[in-house]
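Participant: I am attaching a structure below and will ask some questions about it afterwards.
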Amino acid sequence: ACPDIVDYARGEIRSYRDLLTTAAIVRPMLGISPSAWEEAGITMGETQAAIVVSAILQRGVAIKNPGGYLRNLTRRAAAGQFSMWPMLMALSAGRLKKATA
């Protein structure tokens, strides 16, 4: 669903630890502050926060303020109103649609 994150990895992404390391590299490039990243990690869990950052990267220019977007998703997650699965499914469906077009 989020292949663009691989371009920033040091080697392949084979584990969640590799994904976390790569998301930490991408985070400042997207303009996501350390405090927004830390809050997301605490609220969502580090792995889910890294997956969300990967999805933000994948969406590219469609997200004007990645840091604000992550903070909004973090607030929603804290309130029990956010799941990353619909986001990932939409990205996967979009990639599939492009591949079959």
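Participant: So which residues in the stretch 68-79 are open to solvent by less than 40 Å² (accessible area, probe 1.4 Å) and over 18 Å from Cys2 (Cα atoms), if there are any at all?
Facilitator: Result: Gly68, Thr74, Ala77.
Participant: Can you say whether Asp18 is among the acidic types (Asp, Glu) and within 25 Å of Lys97 (Cβ to Cβ), as far as the supplied structure shows?
Facilitator: So Asp18 fails the test.
Participant: In addition: Report the residue count in the stretch 35-66 for those that are in contact with a Gly (Cβ under 6 Å, 6 or more places away or on another chain) and open to solvent by 30 Å² or more (accessible area, probe 1.4 Å).
Facilitator: 0
Participant: Then there is this: It is to be established whether one or more residues within the stretch 2-23 are surrounded by fewer than 14 Cβ atoms within 10 Å (Cβ to Cβ), in contact (Cβ under 8 Å) with a residue 24 or more places away in the chain and in contact with a Leu (Cβ under 8 Å, 6 or more places away or on another chain).
Facilitator: The answer is yes; a qualifying residue exists.
Participant: Go through the stretch 27-80 residue by residue and tally those that are over 13 Å from the mean Cα position of the chain (by Cα) and among the aliphatic types (A, V, I, L, M).
Facilitator: Count: 6.
Participant: Okay, next question. What do you reckon, is Glu46 farther than 28 Å from Ala99 by Cβ and in contact with a Lys or Arg (Cβ under 8 Å, 6 or more places away or on another chain)? It would help to see each step written out before you state the result.
Facilitator: Numbers: farther than 28 Å from Ala99 by Cβ: yes; in contact with a Lys or Arg (Cβ under 8 Å, 6 or more places away or on another chain): no.
When the stated conditions are applied, Glu46 does not pass them.
The values are calculated or read from the model by the stated rules, or taken from the named source; none is laboratory data. The model shown is predicted, which means the values in this text are computed figures rather than measured ones. With ideal geometry, Cβ positions are generated from the backbone for all residues, glycine too; neighbour counts draw on all protein chains shown. Each accessible area value is taken on the protein alone, full model and side chains, heavy atoms only, with ligands, DNA and RNA left out. Shrake-Rupley method; radii C 1.70, N 1.55, O 1.52, S 1.80 Å.
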